[in-house]
Every structure is written in C-alpha cells, then in structure tokens.
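Enquirer: Quick one: this structure, given as structure tokens, is what I'll be asking you about.
The values are calculated or read from the model by the stated rules, or taken from the named source; none is laboratory data. Everything quoted here is computed from the prediction, not taken from an experiment. Using ideal geometry, Cβ is built from the backbone for each residue, glycine included, and neighbour counts are taken over all protein chains shown. Keep in mind that these areas ignore ligands, DNA and RNA; they rest on the heavy atoms of the full protein, side chains included. Shrake-Rupley method; radii C 1.70, N 1.55, O 1.52, S 1.80 Å.
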Amino acid sequence: LRVDAGARAVWLPQELILFDGARLRRRAEAQLDANASLFLAETWTLGRAAMGEVVRSGALFDRWRIYRGDALVWADGFALDSDDVGDLQAHIEQAAVLNANRALMSAVLVCDDPQRFVEAIRNALRAPSSHRFEAAVTHVGAALVVRAVSDNARWLRAALHRVVDALGSDAQDGNPLSGCRLPTVFHY
C-alpha cells in the first residue's frame, strides 16, 4: 500500500473468517509519505459462532509493517498454528492467548499527533455489551493502536463502527477518517 504526500488511506475489509483446516499467510506493507495518513483495521474470527463452528486445526500468520517517511512506525505480527500448539480451540481458551474469545480486531491510525484521538477512541470502546468484550488503545510514536477481543465477531464490528464514527466526526487536520463513513456492507 502506498500513500503519497498529503493523501489519506483507509483499509477496512470485512472480517476474515478462518474455517477449520484453513491456512493463511499474509505479509502486508504500507509506505506513507511524511505527511500522509492511514487508518487500517483487521478483524478475524475463528469459525462462525452462529453456525456452531469450532476451529481445531489451521493456521493464521499475519505480518504488517508501516513506514512513514523513512521511519518504521509500526510493526506487528500474529500467528496461530495448530501444527505448533495442537488443538487451536484448546489453545485460544488459555487466558494468555485469547481467553476463550474467538474474534479479534487490530486497528492502527498513523497521522500527525495520534495521541489526540486516544480519549475519543477509549470512550467509543466503553459502550456496553452483553457479550464478552475487551479492548485497549494506546499510541506509540506516530501510531495509535487499538486491540479488541470478543466471543462474537459482531460485537467487534459494532466496536469498529463506534471507533470510525468517533474519528469520522472529528474534523481536525490530518485525521484520515474525517468525514468518512463505513461502507454499506458493514451495516449488515
């Protein structure tokens, strides 16, 4: 992904469903000019809860690198592999892994002074939920990072809606979501 000077980019794919036995390996890189901005969000779910699906085998390897100007501003990697840990369902039930949550979200905002958005995002993530839902937000240099897990991907999609709405209503310069709305397919 390349974002030129003064441009903004938003990466918002629908959640990725990892079915039992599926294997995915992805490497993604974003190169931003020094005054460009980017918001990206990825949501994964291990099977479809409504269909009673359980993921016992498979793999997910996801690696992101984001550069702004000449500097690496965010590097992230996520790996789950039943070849390494055995039964994935048993593995994700461990508190240090996903604490029995089957859906996870990562979002990154790269812009000038991302710290100014931390409280707005924290407030958006505090909405009540009848399902298990945990989220955190922090900033590291030019990157603001959001992590969330839930027992249901639908609750993560709702949290992402709230985050995008909170950022989209902020008309500050350099905000890549200013005036943006989620695509129609996200409303189903």
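Enquirer: For Cα pairs less than 8 Å apart in space and 6+ apart in sequence, what is the mean separation divided by the residue count of the chain, i.e. the relative contact order in percent?
Expert: Numbers: 417 pairs, mean separation 36.4, N = 188.
Relative CO of the chain lands at 19 percent.
Enquirer: What residues qualify as long-range amide H neighbours of residue 32, i.e. H under 5 Å apart, gap of 5 or more or another chain, H built at 1.01 Å from N?
Expert: So residue 32 has HN proximity to 3, 67, 68, 69.
Enquirer: Still on this structure: Hey, can you rank 13-19, 141-147 by average C-beta count inside 10 Å, highest first? Before the final figure, lay out each step's value.
Expert: Numbers: 13-19: 15.4, 141-147: 19.1.
Top to bottom by mean Cβ count within 10 Å: 141-147, 13-19.
Enquirer: A further question follows. Send over the Kirkwood Rh of segment 5-88, from the inverse of the averaged 1/r over different Cα pairs, rounded to one decimal Å. Could the numbers behind the result be given before it?
Expert: On the way: mean 1/r = 0.0686 Å⁻¹.
One decimal place: 14.6 Å for the Kirkwood radius.
Enquirer: Another question, if that's okay. On a 0 to 90° scale, report how tilted helix 153-168 is relative to the longest principal axis of the chain, with both axes built from alpha carbons and the result rounded to the nearest 10.
Expert: With both axes taken from Cα atoms, the answer is about 0 degrees.
Enquirer: Further question on the same structure: How high is the FRET efficiency from residue 169 to residue 65, r the C-beta distance, R0 30 Å, rounded to 0.05?
Expert: Details: r = 30 Å, r/R0 = 1.00.
After rounding to 0.05, the efficiency reads 0.50.
Enquirer: Now for a separate question. From the P(r) of segment 79-153, can you give the percent of Cα pairs sitting at distances over 22 Å? Don't skip to the answer; put the middle values down first.
Expert: Details: 1013 of 2775 pairs.
Counting every Cα pair in segment 79-153, those more than 22 Å apart make up 37 percent.
Enquirer: Based on the Cβ-Cβ distance of residue 184 and residue 56, what FRET efficiency does E = 1/(1 + (r/R0)^6) give at R0 = 25 Å, to the nearest 0.05?
Expert: Numbers: r = 35 Å, r/R0 = 1.38.
So, using R0 = 25 Å, E works out to roughly 0.15.
Enquirer: Once amide H atoms are placed 1.01 Å from N in the peptide plane, what residues at a sequence separation of 5 or more from residue 7, or on another chain, have their amide H within under 5 Å of its amide H?
Expert: The list, which skips near neighbours in sequence, is 37.
Enquirer: With every protein chain kept in the model, how would you rank 155, 11 by accessible area, 1.4 Å probe, largest at the top? Walk me through the intermediate numbers first.
Expert: Working: 155 55, 11 95 Å².
The ordering from most to least exposed comes out as 11, 155.
Enquirer: First check a/c for segment 44-99, with a ≥ b ≥ c the square roots of the eigenvalues of its C-alpha gyration tensor; if it is under 1.5, answer rounded, and if not, answer prolate when a/b is larger than b/c or oblate otherwise.
Expert: Details: a/c = 2.81, a/b = 2.24, b/c = 1.25.
Taking the square roots of the gyration eigenvalues as a ≥ b ≥ c, segment 44-99 is prolate.
Enquirer: Right, something else. For the chain, modelled as a Gaussian network with Cα springs under 10 Å, which listed residue fluctuates most, 132, 65, 27?
Expert: The residue with the greatest mean-square fluctuation here is 27.
Enquirer: Can I ask one more? Take the chain, compute every pairwise Cα distance, and split them into 5 Å bins from 0; I just need the percent in each bin.
Expert: Taking all Cα pairs of the chain, the binned fractions are 1, 8, 17, 20, 20, 15, 11, 6, 2, 0 percent.
Enquirer: Tell me, what ³J(HN,Hα) does each residue in segment 109-116 have, in order and in whole Hz, if you take phi through Karplus 6.51 cos²θ - 1.76 cosθ + 1.60 with θ = phi - 60° and put x for Gly and Pro?
Expert: 10, 10, 6, 5, 6, x, 4, 5
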